[in-house]
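Quick notes on the structure that follows.
Bear in mind these aren't lab numbers, they're just calculated from the coordinates by the rules spelled out. For clarity, every value in this text was computed on a predicted model and none was experimentally measured. Cβ atoms come from the backbone with ideal geometry, glycine included; neighbour counts cover every protein chain shown.
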Amino acid sequence: MMSATVARAIGLICICLAACIIASAPAFAAAKTVRLPFLPNKTVSSRVIYIENPRFPQVTKAELATVVLTAADLVHEHFGITLRVPDTIKTVDSEKIFADLVTKTPKHFDRVMGDFKKDAVDWSKVKDMLIKQIQAAKGSLGDQIAFAKPYLVKQPTSNDIKAFAESVAGTFRTRLSYWTKAKLADGYPIIGKVPGREDLPLNEYLYWALMAKLGIEAEIVLTNQFIASVEYIPAPVHTAIRGGIIGGSSEFNPASRFGASVWMTLAPFLINDEQVRKLRNGKIYSKEDALKYAGVLLAHELGHLLLHLGHPWSNEACIMRPAEVLDFAGWEKKLNPQKCNIGSDPEMTPGSLRIPIW
Ligand SMILES: [Zn+2]
């Protein structure tokens, strides 16, 4: 049986998947979590690093600044916090940073990462994990089925949990393997080996968590790298149905002023690939809109980072309620800080999120 704390950490969806791996260990009850940051005068400043992969759509320094400034405006509007934006954003090449990261791979990563690039994932195990996640989630089975239904590749054969998990796992598998076939402008897969480039796990969620754990010197890490993967941990239904895409996450980072840092990818906003478009409810985003929605997602992540807020699923006005699949336009339209005050929902209470230290 999972402890309530474990179930809660897992239920928090876009965040701390790596922590959940630690959380699955029996010793988790004693594990420490990142302390809620003290924010003097509700004013904070942060360092921003941009990790760039030349294969993915590019953004200029000014465009990156737009994303951060949009997020800063929203952080003020929704959380009453002033976020000071740095004058410079340091750019680092993704290959350079990952070539070093892979030399520091923890032993257990191999057991936890599903090798979908070689079609060697144990999907029955993923399905069993999904059942656990569905049981641990706050919404009823009926609510979860209703939420996922429009996005499933094949509908469940019945309304029981096994049939639903089977259908979600099938959707996960179809959409995740799609990234290994769909191509970028350079003619090579979105996820996969590219001639002349080192084969690095750039798309793997766990390495982005590891980057934070090893102490990257920033509170905000942005990237244009596309990140999608499958892990043998109870995956949230909403990550599974979009093919394992993870937009961002807040992770333990000993080098951060807040004890944790945020990473967020711009790729789901900038790529106008067919499957990405489908998950966006058919929309193609202009660069301007893409940057705006990226700023909104960054503000959501900053709510996790600065106030340790969770996901208030029942209130669509809350920026802390995750977007459905990749429909950021539909999500942004419903946001209204007047209808979602701090403390208005248990998940909107500072400290409701626990970011484990691992
Ligand atoms: Zn979130």
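By the beta-carbon count within 10 Å of each Cβ, the least crowded to most crowded order of Leu69, Leu184, fewest first, is Leu69, Leu184. Of all the options Gly310, Gly282, Gly192, the one that moves most in a Gaussian network model of the chain with Cα springs shorter than 10 angstrom is Gly282.
Taking 0.36 nm per residue of separation and subtracting the Cα-Cα distance, full extension of the segment from Asp128 to Ser45 would add 25.6 nm.
Label separation (Thr91 vs Tyr188): 1.9 nm, computed from points 7 Å beyond Cα along the C-beta direction. Magnitude of the charge dipole for the range 137-264, about its Cα centre and with charges confined to Cβ atoms of Lys, Arg (+1) and Asp, Glu (-1), is about 400 debye. What is the chain by shape, rounded, prolate or oblate, if you read a ≥ b ≥ c off the alpha carbon gyration tensor as root eigenvalues and call it rounded for a/c under 1.5, prolate for a/b larger than b/c, and oblate otherwise? In terms of gyration-tensor shape, rounded.
Using a ≥ b ≥ c from the Cα gyration tensor of the range 154-242 (square roots of the eigenvalues), is it rounded, prolate or oblate, where a/c under 1.5 gives rounded and otherwise the larger of a/b and b/c decides, a/b for prolate? Oblate is the answer for the range 154-242, as a/c is 1.5 or above yet b/c matches or exceeds a/b.
Cut-off 10 angstrom, C-alpha nodes, Gaussian network model of the chain. Which of Leu305, Leu74, Leu335 fluctuates the most? Checking each option, the largest mean-square fluctuation is seen for Leu335.
Close amide H partners of Glu231, meaning residues 5 or more places away or on another chain with modelled amide H under 5 Å apart, are Gly114.
Which of rounded, prolate or oblate describes the range 76-223 when judged by the alpha-carbon gyration tensor and an a/c cut-off of 1.5?
Oblate, since a/c reaches 1.5 and b/c is not below a/b.
When Ser286, Ser46 are sorted by how many other C-beta atoms sit within 10 angstrom of their C-beta, beginning with the fewest, the order is Ser286, Ser46. If you take every residue apart from Val59 with its C-beta less than 9 Å away from the C-beta of Val59, what net charge results, scoring Lys and Arg +1 and Asp and Glu -1? Once all neighbours under 9 Å are counted, the net charge is 0. In plain terms, the chain from Glu198 to Ala255 could stretch by 17.7 nm, reckoned as 0.36 nm per residue minus the Cα-Cα distance. In the range 4-348, the DSSP beta bridges split such that about 35 percent are antiparallel, to the nearest 5. Only the Cβ atoms of Lys and Arg (+1) and of Asp and Glu (-1) were treated as charged; on that basis the dipole of the range 247-342 about its Cα centre amounts to roughly 180 debye. Dipole magnitude for the range 4-348: about 340 debye, using +1 per Lys or Arg Cβ and -1 per Asp or Glu Cβ, origin at the Cα centre. Long hydrophobic helices in the chain: the complete DSSP H runs spanning 15 Å or more by Cα along their own axis with mean Kyte-Doolittle hydropathy of at least 0.0 are 61-79, 161-178, 287-307. The residue list Gln58, Tyr178, Ala255 was ranked by how far each Cα lies along the charge dipole of the chain toward its positive end, using unit charges on Cβ atoms, and Tyr178 comes out on top.
For the range 4-348, the relative contact order comes to 22 percent (Cα pairs under 8 Å, sequence separation of at least 6). Simple spin-label estimate for Ser158 and Asp119 gives 3.1 nm between the two label positions (7 Å along the Cα-to-Cβ direction from each Cα).
Database remark: amide H of Ser352 closer than 5 angstrom to the amide H of Gly310 (H placed geometrically; neighbours at sequence offset of 5 or more, or on other chains; Pro and chain starts carry no H). Placing dummy labels 7 Å off each Cα toward the beta-carbon, the span from Glu288 to Glu77 is 1.6 nm. Extension gain for Lys333 to Phe38 (0.36 nm times residue separation, less C-alpha to C-alpha distance): 103.1 nm. Taking loop as defined by DSSP and a crowding limit of 11 other beta carbons within 10 Å, which chymotrypsin sites (Phe, Trp or Tyr not before Pro) in the range 32-122 fit? Of the chymotrypsin sites (Phe, Trp or Tyr not before Pro), the ones in loops of the range 32-122 whose Cβ has at most 11 other Cβ atoms within 10 Å are Phe38.
Within the shell defined by Cβ-Cβ distances under 14 Å, the residues around Lys42 carry a net charge of 0, with Lys and Arg each +1 and Asp and Glu each -1.
Taking every alpha-carbon pair under 8 Å whose residues sit at least 6 apart, the range 203-358 reaches a relative contact order of 21 percent. The range 149-215 and the range 56-113 have Cα centres lying 21 Å from one another. Simple rule: put +1 on each Lys or Arg Cβ and -1 on each Asp or Glu Cβ in the chain, find the dipole, and look at Val296, Ile131, Gly310; the Cα lying farthest toward the positive end is Ile131.
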